[in-house]
2 protein chains.
Amino acid sequence: MGDEQQVHAVALRAREAAAELTPLTRAAKDAALRAMADALVARSDEIIAANLTDVARAVAAGTSEAMVDRLTLTAERVAAIADAVRHVADLPDPVGEVVRGSTLPNGLELRQLRVPFGVIGIIYEGRPNVTADAAALCLKSGNAALLRGSSSAYDSNSAIVSVLRDALAGLDGGVPVDAVQLVPGTGRESVHQLMRARGLVDVLIPRGGASLINTVVTESTVPVIETGVGNCHVYVDADADLDMAVSLLLNSKAQRVSVCNAAETVLVHAGIAAEFLPRALKELHEAGVTVHGDDAVRGHGEAAGVPVAEATEQDWAEEYLSYDIAAAVVPSVDAAIAHIRRYSSQHTEAIVTRSQPTARYFTARVDSAAVLVNASTRFTDGGEFGFGAEIGISTQKLHARGPMGLTEMTSTKYIVTGDGQTR
Amino acid sequence: MGDEQQVHAVALRAREAAAELTPLTRAAKDAALRAMADALVARSDEIIAANLTDVARAVAAGTSEAMVDRLTLTAERVAAIADAVRHVADLPDPVGEVVRGSTLPNGLELRQLRVPFGVIGIIYEGRPNVTADAAALCLKSGNAALLRGSSSAYDSNSAIVSVLRDALAGLDGGVPVDAVQLVPGTGRESVHQLMRARGLVDVLIPRGGASLINTVVTESTVPVIETGVGNCHVYVDADADLDMAVSLLLNSKAQRVSVCNAAETVLVHAGIAAEFLPRALKELHEAGVTVHGDDAVRGHGEAAGVPVAEATEQDWAEEYLSYDIAAAVVPSVDAAIAHIRRYSSQHTEAIVTRSQPTARYFTARVDSAAVLVNASTRFTDGGEFGFGAEIGISTQKLHARGPMGLTEMTSTKYIVTGDGQTR
């Protein structure tokens, strides 16, 4: 069978499974999730053995030590993956929630309920823990999962999916085994087929770098939820508390640099630049962060004896995901908003200010998934927002925006009951 | 300028306008809408004169009388268009509604608010009243409208947009004139460019026939909301009240046949077919409806002396939009659900039954935007649902499903306020 037939076949099985998943009770789904978690722990050795094949292949290919570490599974890491699945079982079930309802003047009773999407395709890079995590979130929200992980983790992902499916097969709770499937194949063609499976797959969620997301968004005929690219800004206003501004900037940039909610550009109001920048540049330097500044920032760097690289157009546009930050001095809050409008990926922006009118002005005009006042950009996260878990952070405006929890993994339908009403 | 540059230029202006629309108060938007309505009435003659050009072109091209009538504007019709715009002003403003909110354990205050999408592109066929209607709904929800109507109504649409823009220009309420724009050009290339304006246009809503919608869904890189194709089913259960079933079937099919929520197939439980079908076939026949039946239905037709055409595969799949209906006898509710799963466009399905368990079973398993119990399919409509107005009926699962009112024309964002919180 070619890739097209293979992907079509798994998608068809997912569609059938989805029909069985929709009416399942929370109790049935939670029991399945707990059985999946137990099976992961019980068959940890098998998973680790499969993972060794991926690791050996990565080492032979000269993959960096950091990447090999991200790929590697240990008994502890498998136990943590199982714990995350159990945690999903503990979360409330979004399916069946009445979003709105009313009784119409003619007596018809209208209810809008949350229902599963049906089939969710997830295309992801990197660590094999995403496999179990995505499967668990899809199952809890009543969706069949079609998982297409990175080819570098193919053996690990296959082993994990095999364990999860065996756990479902061992239950008699009515959860179909095909609720969790790995898309066969490691080539680009199988990704392409998944993106073209309109009518079988209800939504595609790509998780990974900008290039993967861009490919899926441009080529897919299946509706896509864009995730995760974060060119995030911190704007330090003229009325900022400068101690707070230094602390928030350092935390936003350097607490963890490889994540989408890390700050990538700082904009400083001209009115406090002379006071703020020498301190900020020094502290960033001590934290190992390279600053790429405009002329004004470089001037302050020189005066303070801190090296500042020259910012190019690319520095404003780029998501570094490293110990680097772009920095500019702006004459006003409007100039900061204009800069953000031009370069932001509309993920997260923060303002540091003591001025209530300025905070209100900024939050009303900055069009990003999350706009923070006097808080670190690192808070844009499903866990931090209290959603329990997240499948990703949407940077698009359709359907879901910001951290996506179980609620965002559902659609709705209207149920209307009457006693013979006609028009 | 080529079409690409022209579409790009209007989209850029829409983007600028959207930034100004976002923070506008309801009062400013409502004043603009009322000025637009007044201008339509005041300049009715100009609009009708432009419409005459479209009508003359249509007549010369041999367009059917019904189509020419749909295209034609009169003073009364323009007044009705203006009234619809005033009605939109009376509806509540969805922007700024707090969808959810909480105070996190660390003291951060989290609010999720409704915000405009930004720029909405609407590609539509047919009547010029959609032009003012879509412009009004976009403006009320804080969005800039990029309108691409049918080339057959180009002169009418140009005149209407020109009147609306002049009305905005005459105000000093801060509503930018470019809140309402017609996409220049009548060729396919300008539609194509609109579909590729990702990053400038936030969402595209096609309104029209299956072929238009299919083109937009397949070719667009801008996120699309699919609307309006309705292959709707009525299932008459073994436990149906047969008087009610006849009345609901007739209303669902024949009250208005050219609309997406009209019934296109009736499925009849075998247990009541002998009692129900002779009556139903007779009444459908008297209402001028041609029935396309399977063997069982044709047998009942023959016995009752009512002609029934032979249903082909296409009859099950097709949205007739005419005085035709497909009909089949099914052995069980599960068989009805399976038929619907195979052929439905997931718009609206109805069940007629006195059995509470069967109604519950059917509504839980039929995966359509609206599932009705003992009510006519014709109720799936924004006006009937109490939404005040609708921009279309979504048949997709992402973002909006079913009738789309002003609420569905918004996105959300998170505003998070703190006092220096870091992770």
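Values quoted throughout were computed directly from the atomic coordinates according to the rules given, and no laboratory measurement underlies them. This is a predicted model, so every value here is computed, not measured. Methodologically, a virtual Cβ is constructed for each residue, glycine included, from the backbone with ideal geometry; neighbour enumeration extends over all protein chains shown.
Summary of values
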item: Two-site label geometry, B:ASN106 and B:GLU275: point separation in nm, points 7 Å out along Cα→Cβ; result: 6.6 nm
item: Beta carbon of chain B nearest to the axis of the rotation taking B to A, residue and angstrom distance; result: B:HIS399, 2
item: Modelled FRET efficiency - R0 51 Å, A:ARG423 with B:SER332, Cβ distances, 0.05 increments; result: 0.95
item: Extent along principal axes [Cα atoms of the protein assembly as shown; Å; largest to smallest]; result: 98, 73, 45
item: For q = 0.12, 0.16, 0.24 Å⁻¹, Debye-computed log10 I/I(0) when each Cα of the stretch B:50-157 counts as one equal scatterer; result: -0.55, -0.79, -1.24
item: Euclidean distance between Cα centres, the stretch B:257-309 to the stretch B:1-69, Å; result: 44 Å
item: Label-reachable residues, the stretch A:147-178, where backbone N falls under 20 Å from a point 7 Å from A:ALA60's Cα toward its Cβ; result: A:150-159
item: Rounded to 10°, Cα long-axis angle of helix A:44-60 versus longest principal axis of chain A; result: 50 degrees
item: Hydrodynamic radius by Kirkwood, which averages 1/r over all alpha carbon pairs of the stretch A:232-384, in angstrom; result: 14.9 Å
item: Average other protein chain Cβ within 10 Å of Cβ, residues B:375-387; result: 5
item: Equivalent ellipsoid semi-axes - Cα gyration tensor, chain A, angstrom; result: 42, 29, 18
item: Beta bridge orientation in chain B: antiparallel %, DSSP, nearest 5; result: 30 percent
item: Furthest towards positive pole of dipole, B:VAL59, A:SER141, A:HIS339, structure part the protein assembly as shown, Cβ charges; result: A:SER141
item: Built amide H within the under 5 Å cut-off of A:GLY382, gap 5+; result: none
item: Average beta-carbon neighbours from other chains, 10 Å sphere, peptide B:361-369; result: 4
item: 7 Å along Cα→Cβ, label-point gaps from B:ALA56 to other copies, nm, shortest first; result: 8.3
item: Label-point gap, in nm, between A:MET67 and B:LYS282 - each point 7 angstrom along Cα→Cβ; result: 7.7 nm
item: Rg/Rg_globular for the stretch B:308-408, with Rg_globular taken as 2.2 N^0.38 Å and Rg from C-alpha atoms; result: 1.16
item: Size of the stretch A:152-279 as Cα extents on the principal axes (Å, biggest first); result: 65, 33, 27
item: Inter-label distance for A:THR221 and B:ASP243, nm, one decimal - labels placed 7 Å from Cα along Cα-to-Cβ; result: 5.0 nm
item: Using a 7 Å Cα-to-Cβ projection, A:SER102 label spacings across copies, nm, ascending; result: 2.8
item: Most mobile of A:LEU372, A:LEU281, A:LEU104 in a GNM of chain A (Cα contacts under 10 Å); result: A:LEU104
item: Rounded to 10°, Cα long-axis angle of helix B:210-219 versus longest principal axis of chain B; result: 50 degrees
item: Built amide H within the under 5 Å cut-off of B:THR412, gap 5+; result: B:VAL115
item: Highest-fluctuation residue, A:ALA79, A:ALA327, A:ALA179 considered, GNM on chain A with Cα pairs under 10 Å; result: A:ALA79
item: At 7 Å out from Cα toward Cβ: B:MET67 inter-copy label distances (nm, ascending); result: 5.8
item: The stretch A:201-215-the stretch A:334-366 distance, computed between alpha-carbon centres (Å); result: 28 Å
item: Sum of -39500 (n - 2.57) over DSSP H runs of 4+, divided by residues of chain B (222 nm, nearest 500); result: -14000 deg cm²/dmol
item: Proximal charge balance of A:VAL289 [Cβ under 12 Å; K/R count +1, D/E count -1]; result: -2
item: Degrees, to the nearest 10: B:26-42 long Cα axis against longest axis of chain B; result: 80 degrees
item: Choice from A:VAL222, A:VAL180, A:VAL98 showing the highest fluctuation, given a GNM over chain A with Cα pairs closer than 10 Å; result: A:VAL98
item: Considering only the protein assembly as shown, percent of DSSP beta bridges that pair antiparallel, nearest 5; result: 30 percent
item: Sequence-distant lysines (8 or more away, or on other chains) whose Cα lies within less than 17 Å of B:LYS397; result: A:LYS397, A:LYS413
item: Nonlocal amide H pairs with B:LEU182, under 5 Å, H built at 1.01 Å; result: B:LEU147
